[in-house]
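Here it is, the structure, as structure tokens.
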Amino acid sequence: MLALPLTLVLLGAACGGSELVTTPTVSASVGTQSISPGQLPTSSPGGATGTVTAGNATIQLSHDITGTVQLLMLGTPAVYSPPPGSTALTWTDGLQSMTIAGDSFTGPLPTSDALSLSLSVRDGTEIVALVSTAGECTITITTAVERSFAGSFSCANLAGTRASGDALTADATGTFAATG
């Protein structure tokens, strides 16, 4: 593949005419998506990633904010690779969302700098942001295979902020699934 551009460069130099400068490019193909070196796939299709295209999540909230949230579709990001890969999956209803990001695993793990759970939910007319990166939540992955990802989470005393800037604390539990 590199022989033709190299031949053209040498032929141009040998002819003594104007210089012909050709820079060979290399690209890798991931599934049906062509990417250049250093680029990450932008969605889940591909041989190295799990293929999840649909999903749902349910969140139960109590303490300073109460209610049940149903998220019936996957949003972006939706990048998933079974263990020992990475996960960045978002469930949404178009306004509210839940994101799990970190290394793929099975079983229970507390949130940490390497594994986060982010919730963005409505409380009346305000959006509340709840983010766990310090062990306030435990995420349990029960299924982590190429076309299926599922589990649950439980959070206690999760600090959050309303859009107005007011602080609150919530307890949260829920389930989630994504399939392809």
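Rule-based calculations on the coordinates, nothing more; no lab input. Here the structure is a predicted model, which means the values were calculated and not measured. Cβ coordinates were reconstructed from backbone atoms using ideal geometry, including for glycine residues, and neighbour counts include every protein chain displayed.
So if I average 1/r over every pair of distinct C-alpha atoms in the range 52-179 and take the inverse, what Kirkwood radius in Å does that give?
14.3
Let me ask you something else. Would you mind counting up the charge near G85? Only other residues with Cβ under 13 Å from its Cβ, with Lys and Arg at +1 and Asp and Glu at -1. Please report the intermediate quantities before stating the final value.
Numbers: positive: none; negative: D103, E146.
My count for the surroundings of G85 gives -2.
Viscosity 0.890 mPa s, temperature 25 °C: give me the Stokes-Einstein translational D for the range 47-116 in µm²/s, with Rh taken as the Kirkwood radius over C-alpha pairs.
Working: Rh = 13.2 Å.
Rounded to a whole number, D works out at 187 µm²/s.
Take the Cβ-Cβ distance between T169 and T53 as r, set R0 to 35 Å, and report the resulting FRET efficiency rounded to the nearest 0.05.
That gives a FRET efficiency of 0.50.
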